[in-house]
Amino acid sequence: MKHHLGALLATSLFVSGVSSTSAQPLSATSHASVVRLGCAELTGFAGLSTSEQARLQCGKLTVPLASENPRGRSLDMMFVVRLAERPGDRPPVLVLAGAGSGSVRWSTSAFAPPYPADRDVIFVDTRGKDGSGLALCNSTRRLQASALARDLDGEALRTAFFAPLRACRQELDAAKVPPDVYGTARIVEDLERLRMALDRPKLLIFGASHGTVIANSYAAAYPHRVEALLLDGPYPPDPTPASLTVTFREGLRHAAVACRRTTLCGSAGADLEAAFDRALASLRRAPMTLETQSLGRMVLNADDFTLIVQNALYPGVNQPAMPEVTPQALVPALIMAVEARNSVLAGHLADGPLSRLVAGPHSAVFVSGECADRTRYFDRRPEPFTGVELIDLSTVCPSWADRPRTPARIPEGRSPPALVITGSTDPITPVSFAEDTARRLGPSARVLIVHGAGHGTVRVTPCGRAAAAAFFRDPGAIGSISAC
């Protein structure tokens, strides 16, 4: 995809290519070009101060869509380099955002600390994200979300939710795009090309959510190129410690603990899990009809409710909900509204989580990456359906792509210092995932739990930001970083 941003300064840099789809050391068989872009013309950057603008270098790197066909189709990977205030020779921070957006857009609200003054920072839109996307399957997510508005539950909801993926797969085939085009192994190859194009001997990698998968995979393929890892809301490689239903319940249980420590949660905070189960039972007896901005009129049943509460847990329970609605935290307020059968309030409170579902990760990117990376979808039957299992792909991956290889692991004794941060109420990558990730990394890793926080802590909690700033200053001193 070409970016028509004007005033482009093209410079060709020779970097290496590869001859297989796995993340292997690159060999000098092809070249890629870097095109410099005007940063002020990129969305979100025009409002930065003149001094901040002067420290930015923006561009795109052309990479092969499939490295086994280096002369075939290519894509342009967007990146931004923020130069250090105090230039030196410390490795730059490479920022890898989660599945919802690329790091370039994600970074526009994150130029304040914890990014250090003495390190360059590299923001990149990995393939499929924002400025590095392909114009394919753009309607799939909206079609999937519309299934939630209907009175479907169990297997009927799963079938309706996954039906648009068949058309997406056909669209990829028609465009001659490999089904694993967004797999982590291919992204790792792209990042190694970028590292070489920017001439950076080492990287300090900060990965959030799905970005932690890429960070771990890059460290496994190129351990000598990684100074340290900061993993926020880690998603460990297979086998993951628990199913989606179990991780949701773990997050809800920790949210109940956090609620008992604050007045934000109101009366539901005394036993949040019991309140959720009462609301769930009420919906099993009789669904509710809600009016929402995200989906219009929807029939809320038990499976829809579970999925919405899971998404409502993402920010945690220490943040108040919309002031004009209630001073309570969003999750307890939503649970109480459903239990009281207050459809007006429930519809208003559900709109935030629903909007995230509608505008969530691009379906083709998510499915292509998961099916390329996760052997578990090929090994077991689907989980019993509870709403949150909508992103279990056991019924999709066997017909989407071939079974992937076992993911690479960081060689024993080669793990870099790693700070693994998690929010205690995280419903998708909970505390158990952080502990599992640290165990696999070995004694060089430390887990830091931010109590009451949800999915992703470094950018939104004072504790997470302070811990990240300390880690960037001295990755080798993780033992001295204060608990939250």
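The values are calculated or read from the model by the stated rules, or taken from the named source; none is laboratory data. Because the structure is a prediction, the values reported are computed rather than measured. In this analysis, Cβ positions are derived from the backbone assuming ideal geometry, glycine residues included, and neighbour counts consider all displayed protein chains. These area figures cover heavy atoms from the full protein model, side chains too; ligands, DNA and RNA do not enter into them. Shrake-Rupley method; radii C 1.70, N 1.55, O 1.52, S 1.80 Å.
Okay, here's what the table says:
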| quantity | calculated |
| --- | --- |
| For THR50: the one exception among (1) without any contact (Cβ under 8 Å) to a residue 60 or more places away in the chain; (2) surrounded by 22 or more Cβ atoms within 10 Å (Cβ to Cβ); (3) hydroxyl-bearing (Ser, Thr, Tyr) | (2) |
| Count of residues meeting criterion [at pLDDT below 85 and in a strand (DSSP E or B)] in region 36-82 | 1 |
| Selection within region 390-404 - part of a helix (DSSP H, G or I) and open to solvent by less than 70 Å² (accessible area, probe 1.4 Å) | LEU390, ILE391, CYS397, TRP400 |
| Test: residue in region 162-181 that is free of Cβ contacts under 8 Å to residues at least 40 places away in the same chain, surrounded by 18 or more Cβ atoms within 10 Å (Cβ to Cβ) and under 30 Å from ARG459 (Cα atoms) | no |
| Which listed residue, of THR422, THR429, is assigned to a loop (DSSP other than H, G, I, E, B), within 22 Å of the chain's Cα centre (by Cα) and surrounded by 19 or more Cβ atoms within 10 Å (Cβ to Cβ) | THR429 |
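Rundown of residues vs (1) closer than 30 Å to ASP303 by Cβ; (2) out of contact with any strand residue (DSSP E or B) (no Cβ under 7 Å at 6 or more places or on another chain), yes/no style:
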| site | (1), (2) |
| --- | --- |
| VAL177 | no, yes |
| VAL181 | no, yes |
| LEU194 | no, no |
| ARG200 | no, yes |
| VAL213 | yes, yes |
| TYR222 | no, yes |
| VAL226 | no, no |
| ALA242 | yes, yes |
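Results for (1) open to solvent by less than 10 Å² (accessible area, probe 1.4 Å); (2) not acidic (Asp, Glu), shown as yes or no for each residue.
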{"site": "ALA275", "(1), (2)": "yes, yes"}
{"site": "ARG278", "(1), (2)": "no, yes"}
{"site": "ALA281", "(1), (2)": "no, yes"}
{"site": "ARG284", "(1), (2)": "no, yes"}
{"site": "PRO287", "(1), (2)": "no, yes"}
{"site": "LEU295", "(1), (2)": "no, yes"}
{"site": "MET298", "(1), (2)": "yes, yes"}
{"site": "ASP303", "(1), (2)": "no, no"}
{"site": "ILE308", "(1), (2)": "yes, yes"}
